[in-house]
Amino acid sequence: MRPALIVVDMVHEFVRGRLKSPQAESIVPTIKRLIDKARECGAPVIHVVDRHLPFDHELKLWGPHAMANSPESNIVEELKPIEGEYVFPKRFYSGFRDTGLDIALRDMNVDTLVVTGIHTHICVLHTVADAFYYGYKVYVVKDGVAAFSQRDHEYALDYMRSVYGAEIVDSSRAVEVICSGRRGG
Ligand code: ZN
């Protein structure tokens, strides 16, 4: 098994901005802990983040948010990538759609994803759907994802488990998964 930690949309817009989740602040320390463990264990840390262009379809629904080159599309300071960690900008919900993420993961021999971030029922769910189509083993960290409401959060976790076969785990179990791979293995 070669796991990678995927961090979805932990940018200012969704943590502290116009489309923030009420639970967003509370998952920042959990994700930070998972990033630290991934660094220790040599697992790749990959951010997929909204960087919208003015004509993007999604803006009709949500209004302008996380626009490319705006401060709102910056990853929050606590989770900033270090050298050797990659950021894949996206213009759709899924971290895979037109981002090059799949081929990058394959080139790193990654076959297992530990998914964290915002929002459980939108970008996390769509990223997990694509991960399922591409054949990855997926773990979703239930205390490392957040939505607009507890209801959105819970139905999305249940949906990802029952429809995409994702394992819904807590962050302690996620650490075991992240550190079960071997560097370069
Ligand atoms: Zn968006």
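The values are calculated or read from the model by the stated rules, or taken from the named source; none is laboratory data. Predicted model only: the values in this text are computed from it and were never measured. Backbone-built Cβ (ideal geometry, glycine too); neighbour counts: all protein chains shown. Areas reflect the complete protein model, heavy atoms only, side chains present, ligands, DNA and RNA absent. Shrake-Rupley method; radii C 1.70, N 1.55, O 1.52, S 1.80 Å.
For the list (1) at pLDDT below 95; (2) within 12 Å of the chain's Cα centre (by Cα), I need the number of the one condition that Ser180 fails. Condition (2) is where Ser180 drops out. The listed residues are Arg97, Arg106, and the only one of them that is away from the ligand (no atom under 12 Å from the Cβ), of a type in the set (Lys, Arg) and not in a strand (DSSP E or B) turns out to be Arg106. Of the residues making up the range 126-184, those that are assigned to a helix (DSSP H, G or I) and aromatic (Phe, Trp, Tyr) number 6.
Annotation for the range 109-121: at least one member residue is without any contact (Cβ under 8 Å) to a residue 40 or more places away in the chain, within 16 Å of the ligand (Cβ to nearest atom) and in a helix (DSSP H, G or I). Of all residues in the range 37-67, those that are of a type in the set (A, V, I, L, M, F, W, C), touching a strand residue (DSSP E or B) at 6+ places or on another chain (Cβ under 6 Å) and within 16 Å of the ligand (Cβ to nearest atom) total 4. Inclusion of Val76 among residues that are in contact with a Lys or Arg (Cβ under 7 Å, 6 or more places away or on another chain), more than 16 Å from the ligand (Cβ to nearest atom) and under 17 Å from Val7 (Cα atoms) is not warranted. Contact map, the range 1-24: first residue polar (S, T, N, Q), second residue more than 12 Å from the ligand (Cβ to nearest atom) and assigned to a strand (DSSP E or B), Cβ cut-off under 7 Å, separation 6 or more or different chains; pairs are Ser21/Ala146; Gln23/Ala146.
Give the residue, chosen from Ile6, Ile27, that is open to solvent by less than 10 Å² (accessible area, probe 1.4 Å), outside any loop (DSSP other than H, G, I, E, B), hydrophobic (A, V, I, L, M, F, W, C) and closer than 18 Å to Gln150 by Cα.
Ile27
Looking across the range 79-91, the residues that are part of a loop (DSSP other than H, G, I, E, B) and away from the ligand (no atom under 11 Å from the Cβ) come down to Lys80, Pro81, Ile82, Glu83, Gly84, Glu85. For Arg151, the conditions (1) under 25 Å from Pro29 (Cα atoms); (2) buried (at least 20 other Cβ atoms within 10 Å of the Cβ) all hold with the exception of (2).
Name the one entry in Val28, Val8 that is hydrophobic (A, V, I, L, M, F, W, C) and either within 16 Å of the ligand (Cβ to nearest atom) or modelled with pLDDT under 95 (or both).
Working: Val28 fails: either within 16 Å of the ligand (Cβ to nearest atom) or modelled with pLDDT under 95 (or both).
The unique qualifying residue is Val8.
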